[in-house]
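Worksheet: the structure to be examined is printed underneath.
No value in this document is a laboratory result; all are computed from the given coordinates. Since the structure is predicted, the reported quantities are computational estimates derived from the model, not experimental observations. All Cβ positions, glycine included, derive from the backbone under ideal geometry; neighbour counts span all protein chains shown.
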Amino acid sequence: MTAHGNEEERIEGLLAHFGAQAATPLLSFLDEGGDPVSLRCLAQWTREAFLITSVLPAPGSLSRAVSASLLWHQHDEQLADQRSMMLPGILEPTTQAAGTVFRLTGRPVLMGLEPVDVDALFRSFDRASDAYLARRSQEPPHVDWEAFEKLIAEVREETRRR
């Protein structure tokens, strides 16, 4: 996904929610050996991609592009008023000495920054689950909804009596 027009401005607006923290998200990716790496980095939005600098181990040493994500989050001292934004993307090796390029590949995953379309979220979960099962030639598990509803009713009744 490349940002165009309003999407560029939307990313800038979302980053503004994080103030000074906007420059230091958490970068996560799989290294050349397939091991997960998560580290704080400096990220500069260029309206086309993020320029990633100041990270160890240096993702600039990657020999190929890898899937990655950038995560911004904040909350108060009581872990309330949580806000987060995760951007899926590709971390690309570059010949620039200044850093590595992170290109967006999907829409931001947000919490606490914009209204949530719960129906769309669950449709997305449903599609992802179906695709996961199809790739593995598996059928969805059977759910005994009657037993599940009975369990919910029991828990609600017990909670109400307390």
Legend entry - 0 to 90° range, to nearest 10: angle between helix 6-16 axis and the chain longest Cα axis: 80 degrees
Legend entry - Tensor-based shape of region 118-161 (alpha-carbon gyration tensor, a/c under 1.5 rounded, otherwise prolate or oblate): oblate
Inset, instruction - Show the residues, 5+ positions off or on another chain, whose built amide H is closer than 5 Å to the amide H of Asp31. - result: Val37
Inset, instruction - With a cut-off of at most 16 other beta carbons within 10 Å, and DSSP calling the residue loop, which GluC sites (Glu not before Pro) in region 12-48 qualify? Please list them. - result: Glu32, Glu48
Legend entry - Rounded, prolate or oblate (a/c below 1.5 giving rounded, otherwise prolate when a/b exceeds b/c) for region 6-111 by Cα gyration tensor: prolate
Legend entry - Ranked list, fewest to most other Cβ atoms within 10 Å of each Cβ, for Thr94, Thr46: Thr46, Thr94
Legend entry - Cα-based helix-to-principal-axis angle, 118-135 vs the chain, degrees rounded to 10: 80 degrees
Legend entry - Given charges at beta-carbon only (K, R positive; D, E negative), |dipole| of region 6-111 in Debye: 160 debye
Inset, instruction - Determine the calculated [θ] at 222 nm for the chain from helices alone, applying -39500 (n - 2.57) to every DSSP H run no shorter than 4 residues and normalising by the residue count; nearest 500 deg cm²/dmol. - result: -9500 deg cm²/dmol
Legend entry - Computed over the chain: relative contact order in percent, which uses C-alpha pairs under 8 Å that are six or more apart: 18 percent
Legend entry - Angle in degrees between helix 145-161 and the longest Cα principal axis of the chain, rounded to the nearest 10: 80 degrees
Legend entry - Separation between Cα centres of region 4-47 and region 104-148, rounded to whole Å: 24 Å
